[in-house]
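Colleague: Handing you this structure, nothing more for now.
Every number in this text was worked out from the coordinates using simple rules, so none of it is lab data. Bear in mind that the values here come from a model prediction, so they are computed numbers and not experimental data. All Cβ positions, glycine included, derive from the backbone under ideal geometry; neighbour counts span all protein chains shown.
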Amino acid sequence: MSSTVAEGGNQAGDKLAQDRAKLVLILRQAGVRDPRVLKAMERTPREMFVPEGFRRHAYDDTALPIDLGQTISQPLIVAMMTEALEVHDRAKVLEVGTGSGYQAMVLSLLCRRVYTIERIRDLLKQAEARFKALDRHNITTRHGDGYKGWPEQAPFECIMVTAAAPEIPQALIDQLAPGGRLVIPVGMDPVSQRLLKLVKHEDGTITTSELGGVRFVPLLEGTQ
Ligand code: SAH
């Protein structure tokens with residue numbers, strides 16, 4: 001009897017692993033090239049970051065609702081933003097908008113440490129439980145307002161914002177290390193939001209490029 005249960009469990013696990021591998025193929029076809037990023041996407045069990053009722057859609061390439069009116073981003077956007085950030089294994093990375101914790105886990109497989117800030121306490125608690133269950137020991141969390149960044153831990157080689165701001169918060173630019181990259185959706189109207197990549201060069205000059213249109217929930221001030 002118990003072996004039947006175990007087989008059933010393995011079958012479900014196999015199916016999820018197959019779905020995950022299929023998703024990686026889709027990401028590759030859509031232009032994600034970095035093998036480290038594809039590997040990190042393949043190693044991250046998205047089904048653990050979505051509400052139970054959505055588990056069978058965990059590997060659809062779409063955003064899905066999480067609690068409190070927030071969303072877990074579309075896998076292609078997660079992969080594109082991660083690739084654009086050029087994360088390396090010694091990097092200190094700041095994420096603003098922990099949400100489900102999915103993006104933070106992907107980043108944690110590619111760098112030394114992820115610092116992630118979430119303004120909604122209940123969401124952060126759920127994400128922390130997932131990090132613990134998945135043995136992610138290199139993710140440090142904070143309940144707070146990401147507009148302010150995390151000055152005590154600055155500078156960061158990479159900063160990713162996963163909610164849309166009206167403009168790039170100056171505190172985040174200030175907390176970027178020389179040579180660092182910041183990826184952020186900008187624009188409050190979901191129809192005209194753009195994903196921007198800002199590079200702070202070694203000499204302190206800044207260049208900004210546009211990576212395409214996106215749809216994120218708004219970056220809000222204060223905490224709840
Ligand atoms: N990265 C997430 C997607 C999160 S959706 C994931 O992988 O699931 C955006 C998140 O940003 C929401 O959880 C929202 O509560 C949070 N957020 C919005 N404004 C914020 C702010 N000023 N500081 C920190 N988090 C913020």
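Colleague: Suppose we keep only residues that are under 15 Å from the mean Cα position of the chain (by Cα) and either surrounded by 18 or more Cβ atoms within 10 Å (Cβ to Cβ) or part of a loop (DSSP other than H, G, I, E, B) (or both) within region 127-141. Which one would you say is farthest from the ligand (Cβ to nearest atom)? Don't jump to the end; show me each part of the working.
Modeller: Quick first cut of region 127-141, residues under 15 Å from the mean Cα position of the chain (by Cα) only: 127-128, 130-131, 136, 138-141.
If we keep only those that are either surrounded by 18 or more Cβ atoms within 10 Å (Cβ to Cβ) or part of a loop (DSSP other than H, G, I, E, B) (or both) too, we end up with 127-128, 130-131, 136, 138-139, 141.
On the way: Ala127: 8, Glu128: 13, Arg130: 10, Phe131: 12, Arg136: 13, Asn138: 16, Ile139: 12, Thr141: 11 Å.
Across region 127-141, the extreme among qualifying residues is Asn138.
Colleague: If we keep just the residues of region 49-92 that are part of a helix (DSSP H, G or I) and over 14 Å from the mean Cα position of the chain (by Cα), which is nearest to the ligand (Cβ to nearest atom)? Let's see the steps before the verdict.
Modeller: Kept after step one, since they are part of a helix (DSSP H, G or I), are these residues of region 49-92: 52-57, 75-84.
When the remaining residues are screened for being over 14 Å from the mean Cα position of the chain (by Cα), the result is 52-57.
Values: Glu52: 16, Gly53: 16, Phe54: 12, Arg55: 15, Arg56: 18, His57: 15 Å.
If we take residues in region 49-92 being part of a helix (DSSP H, G or I) and over 14 Å from the mean Cα position of the chain (by Cα), then Phe54 is nearest to the ligand (Cβ to nearest atom).
Colleague: Given the criteria part of a helix (DSSP H, G or I), of a type in the set (Gly, Ala, Ser), touching a residue at least 24 places away in the same chain (Cβ under 8 Å) and near the ligand (Cβ under 9 Å from one of its atoms), does Ala104 qualify? Break it down into steps so the answer makes sense when it comes.
Modeller: Numbers: part of a helix (DSSP H, G or I): yes; of a type in the set (Gly, Ala, Ser): yes; touching a residue at least 24 places away in the same chain (Cβ under 8 Å): yes; near the ligand (Cβ under 9 Å from one of its atoms): yes.
It is true that Ala104 is part of a helix (DSSP H, G or I), of a type in the set (Gly, Ala, Ser), touching a residue at least 24 places away in the same chain (Cβ under 8 Å) and near the ligand (Cβ under 9 Å from one of its atoms).
Colleague: Given (1) within 19 Å of the chain's Cα centre (by Cα); (2) within 11 Å of the ligand (Cβ to nearest atom); (3) over 16 Å from Leu85 (Cβ atoms), identify the lone condition not met by Gln193.
Modeller: All conditions are met except number (2).
Colleague: What are the pairs, 6+ residues apart or on separate chains, where a residue within region 148-172 that is under 17 Å from Lys197 (Cβ atoms) and more than 13 Å from the ligand (Cβ to nearest atom) has its Cβ under 6 Å from a residue that is part of a loop (DSSP other than H, G, I, E, B) and small (Gly, Ala, Ser)?
Modeller: Glu157/Ala91; Cys158/Ala91
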